[in-house]
Amino acid sequence: VLSHRISPRLELALREAANGHRGPTLFFDLQAIRARMLRLADLQQSVGCRFVMAAKAFRAPRVYELAAELLAGFDVSNLNEYEELPGDLRGLRVSVSAPVLPSDLSALQKRGNALLVYLDAPDQLPRLRAAGAPVAFGIRLASTSFVAPGPRRPSAPWQESRFGVAARDVETLAALTACAPHRFAGFHLHHGFGGNTGEVYVELARGAVELAAKLGVELRVLDLGGGLHGIPEPELPGALARVREAVPAATELVFEPGALLSAGAGAALARVESAQPRDGALVCTLDLSAAWHLRWSDPVPLRAPTAQASARRRVLLFGPTCSEHDFLGAFTLPAEPGREPLAAGELLAFAGISGYSVSCNAGFNGIPPARVVLLE
Ligand SMILES: Cc1ncc(COP(=O)(O)O)c(C=O)c1O
């Protein structure tokens, strides 16, 4: 759950940057990210599970270095993601789970890591078969075989995950698990609809364990994917322990945190380019784009109420591009009576900025990507 308070280090960086605004900027506190990874490293020991970083969730060499030092490895989608990881991955696991499987699987082992390939669909089998040496492989299961989609349902009139093989396709699964000479290792499930609770992971785990028993295969590994930021952090140890209890002791339990790694550790700074009252609200354009700079973030303006700011005003914040949909959100900000809370030329800081925004940070429409500052 994203915290709307930011660390004193982020606050200081925002204050310093406000003295000479150099365009829309995303800030991340690497110490906060490191501290979170250290807590996960502790949980690996106390709960008996492993965390591999979803590489897509924060495309930055410094963050990858921290994950390589503190976590058990990475989950990647393809060779491009793999090649951005640290050069030496000895002692770490790299798993691959993607709707498009890389064609050369051996290239995903060249940095000394152990490799685990999860098949997302039967049509990926030829790529596994083409691998020269035997590869440890698993099968991604559709999470909706075991739990309903969460609050962020797909807009398609379809209530299943588009990823993985449905657990009801028992014949397909039986054929896939028997793919000699490659060795079946286990199942992968990622429930990516948002709002995962501890119960969701328990249900996924139980479903996978029962399915393995039905197929008569050994479940050496069970990877329950990401989405852990849906669980309030103080509840995470207990929630993970309950998942551990639902899985046989001999099964390695893996999670792939993504958004959790940077939750609460990111902020942004924007300049208000225009502010005009319209239909009872103040409509503002910022130099920070929701669509291109803040992908998968939940920006929340940081404006503390003060004694003078006794009034409240609804503001609508838009990005600088030509898109009608470049919208950061509608917020109620404190204001001094008779004055607007924002004016052109003022700076506005945000909490709730995710590492995913760094991965997707782009220019568009002549507007450059946001500057990214990683605070050591
Ligand atoms: C396969 C897989 N694992 C892990 C993650 C990370 O998810 P989250 O950022 O919700 O933790 C994702 C995100 O898309 C994913 O697709």
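The values are calculated or read from the model by the stated rules, or taken from the named source; none is laboratory data. Here the structure is a predicted model, which means the values were calculated and not measured. With ideal geometry, Cβ positions are generated from the backbone for all residues, glycine too; neighbour counts draw on all protein chains shown.
Details
Each row is one residue, and each column tells you yes or no for (1) touching a strand residue (DSSP E or B) at 6+ places or on another chain (Cβ under 6 Å); (2) at pLDDT below 95; (3) of a type in the set (D, E, K, R).
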{"residue": "GLU84", "(1), (2), (3)": "no, no, yes"}
{"residue": "SER95", "(1), (2), (3)": "yes, no, no"}
{"residue": "ASP104", "(1), (2), (3)": "no, yes, yes"}
{"residue": "LEU125", "(1), (2), (3)": "no, yes, no"}
{"residue": "GLY132", "(1), (2), (3)": "no, yes, no"}
{"residue": "PHE146", "(1), (2), (3)": "no, no, no"}
{"residue": "PRO149", "(1), (2), (3)": "no, yes, no"}
{"residue": "GLY164", "(1), (2), (3)": "yes, no, no"}
{"residue": "VAL170", "(1), (2), (3)": "no, no, no"}
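- Some residue of segment 167-175 being surrounded by 14 or more Cβ atoms within 10 Å (Cβ to Cβ), within 14 Å of the ligand (Cβ to nearest atom), part of a helix (DSSP H, G or I) and aliphatic (A, V, I, L, M): no
- Test: ARG9 is charged (D, E, K, R), touching a residue at least 60 places away in the same chain (Cβ under 8 Å) and within 21 Å of GLY230 (Cα to Cα): no
- Residues satisfying the stated conditions in segment 112-140, i.e. over 22 Å from PHE255 (Cβ atoms) and not aliphatic (A, V, I, L, M): GLY112, PRO122, ASP123, GLN124, PRO126, ARG127, ARG129, GLY132, PRO134
- If you go through segment 93-134 and pick out every residue that is touching a residue at least 12 places away in the same chain (Cβ under 8 Å), part of a loop (DSSP other than H, G, I, E, B) and away from the ligand (no atom under 16 Å from the Cβ), you end up with 9.
- Contact map, segment 176-196: residues that are free of Cβ contacts under 8 Å to residues at least 60 places away in the same chain paired with residues that are within 13 Å of the ligand (Cβ to nearest atom) and polar (S, T, N, Q), Cβ distance under 7 Å, separation 6+ or inter-chain. Pairs shown: LEU189/SER143; HIS191/SER143.
- Flag for GLY164 being without any contact (Cβ under 8 Å) to a residue 40 or more places away in the chain, on the phi > 0 side of the Ramachandran plot, within 16 Å of the ligand (Cβ to nearest atom) and crowded, with 22+ Cβ neighbours inside 10 Å: no
- Sole exception among (1) modelled with pLDDT of 95 or more; (2) surrounded by fewer than 16 Cβ atoms within 10 Å (Cβ to Cβ); (3) not aliphatic (A, V, I, L, M) for GLY20, by number: (1)
- Strands (runs of 3 or more DSSP E) completely within segment 195-290 that count 3 or more residues being of a type in the set (Gly, Ala, Ser) and within 30 Å of ASN19 (Cβ to Cβ): 266-278
- Members of segment 11-41 that are part of a loop (DSSP other than H, G, I, E, B) and either farther than 23 Å from ALA290 by Cβ or under 24 Å from the mean Cα position of the chain (by Cα) (or both): ASN19, GLY20, PRO24
- Scanning segment 323-364 for residues that are more than 28 Å from PRO305 (Cβ to Cβ) and in contact (Cβ under 8 Å) with a residue 60 or more places away in the chain turns up GLY355, TYR356, VAL358, SER359, CYS360, ASN361, ALA362, GLY363, PHE364.
- Among the residues of this structure, THR332 does not count as one that is surrounded by 14 or more Cβ atoms within 10 Å (Cβ to Cβ) and of a type in the set (Val, Ile, Thr).
- The number of residues in segment 182-224 being away from the ligand (no atom under 13 Å from the Cβ) and either closer than 22 Å to ALA98 by Cα or within 29 Å of the chain's Cα centre (by Cα) (or both) comes to 22.
- First in segment 236-254 and free of Cβ contacts under 8 Å to residues at least 40 places away in the same chain, second anywhere and surrounded by fewer than 18 Cβ atoms within 10 Å (Cβ to Cβ) and of a type outside the set (D, E, K, R), Cβ under 7 Å, 6 or more apart: PRO248/VAL209
- Leading residue by the ranking (farthest from ARG36 (Cα to Cα)) among those in segment 64-79 that are more than 13 Å from the ligand (Cβ to nearest atom) and assigned to a helix (DSSP H, G or I): LEU79
- Where TYR201 falls short, out of the listed (1) touching a Ser or Thr at 6+ places or on another chain (Cβ under 8 Å); (2) surrounded by 20 or more Cβ atoms within 10 Å (Cβ to Cβ); (3) on the phi < 0 side of the Ramachandran plot: (1)
- Taken over segment 335-351, the criterion of being surrounded by fewer than 14 Cβ atoms within 10 Å (Cβ to Cβ) and modelled with pLDDT of 95 or more is satisfied by ALA343, ALA344, GLY345.
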